[in-house]
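Here is the structure we will look at.
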Amino acid sequence: MIADAGEPAAVAPPYSFNVRPEVWIPLVLLFGALGYPFFLLLTSAFNVGDPQALPAVEYGLANFVALTGHLDWIGNTLLVAFGGTALGISIGVVLAWVIHRTTLPGRRLFELLIAIPYPLGPLVGALAWSQLGAPRDGLINRVYMYMTGSSNPLIDIYTPLGIIFVEAIFEAPVAVLIIGAAMQRMDPALEECSSIFGSGKIRTAWKVTLPLMMPAILSAALFMFTSMIGSFAIPTMLGTSSRFYVSTNAIYVLLQGYPPNYPLAAALGLVLVAMTAVAVWLVQRVLRGRTYAVISGKNYRPRPVNMGRWTWLLFALACAYVLLSLILPLGTLLVASFQTSNAIVFDFATWTLRNYVYVMFDFPTTREAILNSILLGIATGVIGVACATFIAVVTHRSRSAGRPLLEQVTMLPQAFPRLIFAFGFLWMILTLPVQLYGTLAAVLLAYIIVFLPLAYRGMSGVVVQIDKALEEAARISGANAARVARTVTLPLLRPGLLATGVLLFMVSVREISASLFLSGPNSPVLGPAIFSFWDSGGMPRVSALAVVQAVIILIALTVVRYLANRNAKV
Amino acid sequence: MLAANLRTDDAVDSAATDAAQPYIEVRNLTAAFDGKVVVKDISFSVAQGEHLSLLGPSGCGKSTTLRCIAGLETPVAGEIVIDGIPVFSSTKGISVATEKRKLSMVFQSYAIWPHMTVFENVAYGLRVQGIKGSELQQRVADVLKMVGMEDYISRPATDLSGGQQQRVALARSYASRPKVILLDEPLSNLDARLRVRMREEIKELQLKFDLSTIYVTHDQEEAMAISDRIIIMHDGVVEQTGKPLEIYDTPRTRFVADFIGAANIIAGTAQGEAGNGAPILKVGEALVECAPRSKLLKPDGSGQYLAAVRTVYPEIRRGGPDGPNQWSATVRRRVLLGDIVNYTITWPGGLLRLHRLPSDLFEEGETVKLHIPASRVIPVVAD
């Protein structure tokens, strides 16, 4: 674990370019695990011969030319990603402001509740909103039409706007987190200075606070944009009925068709990768040199602003968010899971728990999916955190050259839409001599890789806070590397290890994009199971399954919360 | 009686001339960070029981030197010998791991393990040595008592104030009864009052245990107060080595004169020699005789020779006889600082700053007689 705690090492020659094993071994592994699937995707995208051939026999640009006939897929992807990001960031900025900088009543409770929709995930969101906002029988429209007597629905969630809305409310918690963290690090003197010069609250917020928040806002926007470009569940569940295709579900259709059109799907996947790469590059370019220029690492206690008569508007906004992203969706799923048919009736006498019995016990596929997902979540948590911790310790503690490269490569999967990565990864394991296809091990491997950036970010933040002198003091006291790791490093890392582990558990349990192609009939997992249940109809049962997933995630969230509180007390 | 006295003197002399084997020896040490050389070919030694300070501004390489001795950094070249055993040698390819060097160290951040109690912190090194049971309890209790922390033995380490953490850090490093202790800016995070008290305690413990000590600091007052010997470092090289007063009174370079205490640097051209052979410097209109047996050293870029005059040594009085190194001067500015008074005076050599006691005040504008004793004009190397 301790990168530089080696035995009497050979003396380094002066100023050499010295890449040590703790850097190059993970680098080679990561390059292989990311590069090979990408290479396969690349060759297939340019394959104009036999579509099933791998490697391709004939190369050309025909697939990309064919894509020009489907520009709507790419256009829709961009529409959803830009629209969703814009709406999500707006929600994020307002909510972060409300939580961290105002005197709004119930701020702490809001902070807690606003975080929940993200781990619940897009599947829960899409399923719930399809029952809430469907034009004819959606609950909201039924209530509206009942109350007003109108025969026209109030909302239609099966539209691009509906998709953007659901994407935005379920990704917004990330923006709240990133922007909120920056708000807490901001030196309030910068704002106070502006007020002293006579600027009003609104002017100060607009002219000083917002520009200072720009780096955080851009980072959050990038995160949302890349994740929306690759999102699958929401556009598929809400867009398919109106034949609104984005790139991800177009790829899914191309692959599920007979015969599957691998080259066209690969070309479309490449376009998606290119779009995220451009977004990453642009944001980095804008952020270069100004990321933390005015925001110190220290936590200030920024002065909360009393928003006066705006307080109640903000309070209403926060309540509306919690209602739309948490209470209504979970409530709808719960109610739907008690039904005997797709139509929701509010006659308690007909409500039943049969759907739960069915998905948890009677139906083997979902029963196994639940167990598999829990197992996968635990394994991803443990192994993912172990890998991330190793890399974080190396990048922060090792003296080896090449550490910045290792960090960049570790973060690289973030720029890969997970569905596309899984598609390339599937091909890779088909070409490997080991029989991995259709096993949980394949899904586990893919999860570890796609969630590595998330885990690394978490662990890196923990490792960087541990004073190196704490380990050095132990070595001076005569402890060898193993003893230092056991008695000092690991105990200090433990809170971070647990928190990051549980986070990985949650995102694994709710994942669908990465496991859709990889979980075979003998290794069902929750995300794809919910999706195929939805595909084959039966709202009550799919709702019950989604509720089970949500409960697992909520339990994990409670554990995180409990651990964080316990650590805060120590 | 007389013979006995002579013998004692002899013994003292031979110890002072380092006839005994030095406990730590550093030879031609060079260290680099990310390809940038931060310590350039430095050599020094520490005798048994000696307190040596590495003093210099931040970035001078003093901490890196200390960390090389501890084995926390790997030097590029050189040799380090501790108690006769080479622990690092670039030519012989030796590099003994930190944990096997049998050192103890106090860190700037104290490095108190936050997940352990005070007892656990102090017991750590003893446990590594295999000490258990009642002996462990006893030794931890003893060493905590020594630093006045016996009442805190079962407290979590995070409950301690800065000064208390510092005491625990000291206790931890003394617990294993080391022969050498390395201290890396141990007091820089404490407030001024506590700093003075702690440095006295450190000195007492050092004497009590006859510890060889290497003490890294950027605070000249601290170094002067507790060191037997000081090494002044600047840009990775040793500027000067010597006893505290030696360095104060006879700085070798302009950097040392500026860094230690307050000094006027006067610049002039060589103007022959005085009767005793001391060089004479022409500073502005004034002919200034330098310290006896001194020589003018390397001049600066414009060919001017430099000499340092500590602000405490020039004397001013109202009238008096003329003589060498005496001039008529005018008080330009007076600043009362309480214990001392700062004067800026105009003399034929330009401007001079000096310190006096508040007992005898001179007025601004007053004409005075300035005397710079020749023995206090120290030629220095221009850097």
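Of note:
- Subset tally (residues that are within 11 Å of chain A (Cβ to nearest Cβ) and assigned to a loop (DSSP other than H, G, I, E, B)) for segment B:51-73: 3
- Search result, residues across segment A:472-497 that are buried (at least 19 other Cβ atoms within 10 Å of the Cβ) and either more than 9 Å from chain B (Cβ to nearest Cβ) or within 17 Å of B:Leu66 (Cβ to Cβ) (or both): A:Glu472, A:Ala473, A:Arg475, A:Ile476, A:Ser477, A:Ala485, A:Thr489, A:Leu493, A:Gly496, A:Leu497
- Looking across segment A:252-279, the residues that are among the aromatic types (Phe, Trp, Tyr) and out of contact with any Pro (no Cβ under 7 Å at 6 or more places or on another chain) come down to A:Tyr252, A:Tyr258.
- Between B:Pro348, B:Pro373, the distinction of being of a type outside the set (Lys, Arg) and over 22 Å from B:Ile247 (Cβ atoms) belongs to B:Pro348 only.
- Residue within segment B:144-155 that is within 10 Å of B:Val118 (Cα to Cα), within 13 Å of chain A (Cβ to nearest Cβ) and surrounded by 19 or more Cβ atoms within 10 Å (Cβ to Cβ) present: no
- Among (1) free of Cβ contacts under 8 Å to residues at least 12 places away in the same chain; (2) closer than 17 Å to B:Ala223 by Cβ; (3) within 14 Å of chain A (Cβ to nearest Cβ), the one test that B:Leu183 misses: (1)
- Identity of the residue in segment B:74-88, facing chain A (nearest Cβ under 9 Å) and in a strand (DSSP E or B), that ends up surrounded by the fewest Cβ atoms within 10 Å (Cβ to Cβ): B:Ala77
- Boolean, B:Ile202 is assigned by TED's automatic domain parsing to the domain that holds B:Val122, buried (at least 21 other Cβ atoms within 10 Å of the Cβ) and closer than 23 Å to B:Tyr110 by Cα: yes
- A:Arg475 closer than 26 Å to A:Pro413 by Cβ, among the basic types (Lys, Arg) and touching a residue at least 60 places away in the same chain (Cβ under 8 Å): no
- Scanning segment B:327-345 for residues that are surrounded by 12 or more Cβ atoms within 10 Å (Cβ to Cβ) and either among the charged types (D, E, K, R) or over 33 Å from the mean Cα position of the chain (by Cα) (or both) returns B:Trp327, B:Ser328, B:Ala329, B:Thr330, B:Val331, B:Arg332, B:Arg333, B:Arg334.
- If you filter segment B:158-180 down to residues that are within 13 Å of chain A (Cβ to nearest Cβ) and not in a helix (DSSP H, G or I), you find that the one that is farthest from the chain's Cα centre (by Cα) is B:Ser176.
- The sole residue among B:Leu194, B:Leu190 that is over 16 Å from B:Phe107 (Cβ atoms), more than 14 Å from every other protein chain (Cβ to nearest Cβ) and touching a helix residue (DSSP H, G or I) at 6+ places or on another chain (Cβ under 8 Å) is B:Leu194.
- Count - residues of segment B:93-115 that are in contact (Cβ under 8 Å) with a residue 12 or more places away in the chain and farther than 20 Å from B:Ala175 by Cα: 3
- Scanning segment B:126-157 for residues being of a type outside the set (D, E, K, R) and assigned to a helix (DSSP H, G or I) gives a total of 14.
- Residue match in segment A:451-465 (condition: within 20 Å of B:Thr98 (Cα to Cα) and crowded, with 16+ Cβ neighbours inside 10 Å): no
- Total residues in segment B:317-357 satisfying the condition of being more than 23 Å from B:Val256 (Cα to Cα), free of Cβ contacts under 8 Å to residues at least 60 places away in the same chain and in a strand (DSSP E or B): the figure is 15.
- Checking the stated criteria, B:Lys132 turns out to be under 20 Å from B:Pro178 (Cα atoms) and more than 9 Å from chain A (Cβ to nearest Cβ).
- Entry remark, segment B:153-196: residues being of a type in the set (S, T, N, Q), in contact with a His (Cβ under 8 Å, 6 or more places away or on another chain) and at pLDDT 90 or above number 0 in total.
- Applying the set (1) in a helix (DSSP H, G or I); (2) surrounded by fewer than 16 Cβ atoms within 10 Å (Cβ to Cβ); (3) touching a strand residue (DSSP E or B) at 6+ places or on another chain (Cβ under 7 Å) to B:Glu221 leaves exactly one unmet item: (3).
- Taking segment B:26-50 as the range and being within 14 Å of another protein chain (Cβ to nearest Cβ) and not polar (S, T, N, Q) as the test, the residues that pass are B:Leu29, B:Ala31, B:Ala32, B:Phe33, B:Asp34, B:Gly35, B:Lys36, B:Val37, B:Val38, B:Val39, B:Lys40, B:Asp41.
- Candidates A:Leu42, A:Leu27, A:Leu54 - the one that is away from every other protein chain (no Cβ under 14 Å), surrounded by 15 or more Cβ atoms within 10 Å (Cβ to Cβ) and modelled with pLDDT under 70: A:Leu54
- B:Thr91 vs. criteria in a loop (DSSP other than H, G, I, E, B), at the interface with chain A (Cβ under 8 Å from one of its Cβ atoms) and surrounded by fewer than 21 Cβ atoms within 10 Å (Cβ to Cβ): no
Residues checked against (1) assigned to a helix (DSSP H, G or I); (2) at positive phi; (3) touching a Lys or Arg at 6+ places or on another chain (Cβ under 8 Å):
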position: A:Val484; (1), (2), (3): yes, no, yes
position: A:Leu493; (1), (2), (3): yes, no, no
position: A:Gly496; (1), (2), (3): yes, no, no
position: A:Gly501; (1), (2), (3): yes, no, no
position: A:Glu511; (1), (2), (3): no, no, yes
position: A:Ser515; (1), (2), (3): no, no, no
position: A:Ala529; (1), (2), (3): yes, no, no
position: A:Ser532; (1), (2), (3): yes, no, no
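- For segment B:100-117, a residue qualifies if it is under 31 Å from the mean Cα position of the chain (by Cα) and more than 7 Å from chain A (Cβ to nearest Cβ), and the qualifying residues are B:Lys100, B:Arg101, B:Lys102, B:Val106, B:Gln108, B:Tyr110, B:Ile112.
The values are calculated or read from the model by the stated rules, or taken from the named source; none is laboratory data. None of the values given here were measured: they were computed from a predicted structure. Please note: Cβ atoms are built from the backbone with ideal geometry, for glycine as well, and neighbour counts cover all protein chains shown.
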